[in-house]
Structures are given as structure tokens and as C-alpha cells.
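Participant: Shown below is the structure under consideration.
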Amino acid sequence: MTSMQHPPHEDINVQRAARLDCATLSDALDRLRIAGQCRRIKPCSPGFRLAGRAYTVQYEPAHGSGGNVGEYIDDVAPGSVIAIDNRGRDDVGTWGNILTEVAHRRGMAGTVIDGNNRDVALCRELGYPIFSRNTWMRTGKGRIQLKALQVPVEIGGALVWPGDILRGDPDGVLVIPRAHEEALLAIAEDIAAQEDKLREAVRAGQRLDEARRRFRYHDLQSPDYDAPARR
């Protein structure tokens, strides 16, 4: 199973984001000049997809042997995407199979990690979407500890605030900032509609270069783009 886990049906904008692919949303981010693409964060299985509001977790190097590395999980609301900022560290993991099992059972939408995770076989078996920089088996226990919860974090160079929408698909992950989500989703929906019209024109026999000019394909992501008249 690789479908999205437990979409929060009551959150209309999360549903809207889930219907859009990351490439289209990325173009909408570009049009608004928002750097929301999470660089080098990729799915642990090619079919993984997620959409949900961020519950943010920040780690730091451990100061001793008693560091907390996962005890927050029971307080995370179902439908959330757990966004973990471990500063991109590639020498330890921040997430493993116990957290995967608990998060899946509690109905989380997925996990996004600026760092490594391990025990990837279980997330693939359960279809629980995890996106991270990489995978490696070395534990974070005794090496990292919890610094803060529900604070602004950085994931792949993109700023994520608690409650922002995170969207992931085979192309990667991006953040839809809560302050701009209405405008961004409307732009992404319009881009998707224009691209669908372009495809229809090509399928009907129009040359691709002509169709691209007609629907201003190369300008769809531009901050100076003005939508063409509907036809």
C-alpha cells in the first residue's frame, strides 16, 4: 500500500493540496517568490505521497546519555505530518521502526526528516510515507536529543512553521505556508487547469509549440504571469 494515510477530511485546504502534484505546487511557489521546496528530501519508497499540517520537531546534539528522541509522538494529532529538523545530519538516524509503527497506528499523514531515518523496510511494508535526506542504520540514541517542539524549523532549506501544509510525492516535498495557502492553492489549481487544456489541444492535433505559446506554458511559474482569457 502506497496511498496517502488518513487525510484529515475536515481540512479543505489539505484536501486541495493532496489533489495537486508537487511540480505544480512548486510552480505556484515560484510565482509567489516563496522558497518552499525542500531540497534533497526524497521519499523512502517511490510511491509515497503525503499531505497534512506540520507538527514540528527540532533536535540538537545530545548533552548526556538521557536525551529524549521520540516521546512526543503520543501527543501528535492524527492527520499531522511530523516535520523533524536534525540540521541535515547524515551520521545518525532520527526515526526508526517503533516510531513508524506508532505513527501509522495513530493515523499520522507521514514524516518528513531533514536528516536520516532507519528501519525503512517497515514503512514500506505498512505504506507509511517517510521522506528524508537518506537512510542509515546508526542510531541517534545518545547522540541527539529533543530541543523543541512546535517551533519554526528548516527542512531542506525551507522554513516550516507549525500548521503549515506539507505536500510530498515522488518528486519530493514542499511546504505551503499557512499565511499564503489560499493564494498559492488557487494559483496551483489554475496552473493545473491551463496544463490540462494544453494537453487537450495537443491530443486534438495542435502542435506542441503552438499550444505552449497559446497557454503561455513557459510563463506559468513567472511572478509576472497574467492568466489568459478562458477559451
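Every number here is computed from the coordinates shown, using simple stated rules; none is lab data. Everything numeric in this text was worked out from a predicted model, so none of it was measured. Cβ placement follows ideal geometry from the backbone for every residue including glycine, while neighbour counts extend to all protein chains displayed.
Participant: Taking Cα atoms, how many degrees apart are the long axis of helix 22-31 and the longest axis of the chain, rounded to 10 and kept between 0 and 90?
Facilitator: 70
Participant: Based on Cβ point charges of +1 for Lys and Arg and -1 for Asp and Glu, what charge dipole magnitude is obtained for the stretch 66-198 about its Cα centre, in debye rounded to the nearest 20? Don't jump to the answer; show the numbers that get you there.
Facilitator: Details: 14 positive and 20 negative charges, 142 e Å.
Dipole of the stretch 66-198, to the nearest 20 debye: 680 debye.
Participant: Given charges of +1 on the Cβ of Lys and Arg and -1 on the Cβ of Asp and Glu, with all other atoms neutral, how large is the dipole of the stretch 67-138 about its Cα centre, in debye to the nearest 20? Numbers along the way, then the final one.
Facilitator: Working: 8 positive and 10 negative charges, 36 e Å.
Using Cβ point charges on Lys, Arg, Asp and Glu, the stretch 67-138 gives about 180 debye.
Participant: On a 0 to 90° scale, report how tilted helix 181-203 is relative to the longest principal axis of the chain, with both axes built from alpha carbons and the result rounded to the nearest 10.
Facilitator: It works out to around 50 degrees.
Participant: On to the next question. State, to one decimal in nm, how far the label point of ARG203 lies from the label point of HIS218, with both points 7 Å from Cα in the Cβ direction.
Facilitator: Result for the modelled spin labels: 2.6 nm.
Participant: Between the DSSP loop rule and a limit of at most 10 other Cβ atoms within 10 Å, which chymotrypsin sites (Phe, Trp or Tyr not before Pro) in the stretch 26-111 are left? Could you put the intermediate results ahead of the total?
Facilitator: On the way: sites: PHE48, TYR55, TYR59, TYR72, TRP95; in loops: PHE48, TYR72, TRP95.
Loop-located and lightly packed - none at all.
Participant: Here are some values of semi-axes √(5λ) of the Cα gyration tensor in Å: (i) 36, 17, 15; (ii) 33, 21, 17; (iii) 37, 20, 16. Which one was computed from this structure?
Facilitator: It is the value labelled (i).
Participant: Would you compute, from DSSP H runs of 4+ residues alone, the mean residue ellipticity of the chain at 222 nm, taking -39500 (n - 2.57) per run and dividing by the full residue count, rounded to the nearest 500?
Facilitator: Details: 6 runs with 63 residues, N = 231.
Only helices count here, giving -8000 deg cm²/dmol.
Participant: Nothing charged except the Cβ atoms of Lys and Arg (+1) and of Asp and Glu (-1): what's the magnitude of the dipole of the chain about its Cα centre? Round to the nearest 20 debye. Walk me through the numbers before you get to the answer.
Facilitator: On the way: 32 positive and 32 negative charges, 100 e Å.
That gives the chain a dipole magnitude of about 480 debye.
Participant: Towards the positive end of the charge dipole of the chain, with charges on Cβ (+1 Lys, Arg; -1 Asp, Glu), say which of ALA192, VAL102, PRO61 has the farthest Cα.
Facilitator: Result: ALA192.
Participant: For the chain, with the dipole built from +1 on Lys and Arg beta-carbon atoms and -1 on Asp and Glu ones, taken about the Cα centre, which of VAL120, GLY36, ALA211 lies farthest toward the positive end?
Facilitator: It is ALA211.
Participant: Select from THR24, ALA51, PRO78 the residue farthest towards the positive end of the dipole of the stretch 18-91; place +1 on Cβ of Lys and Arg, -1 on Cβ of Asp and Glu, and compute about the Cα centre.
Facilitator: Of THR24, ALA51, PRO78, it is THR24.
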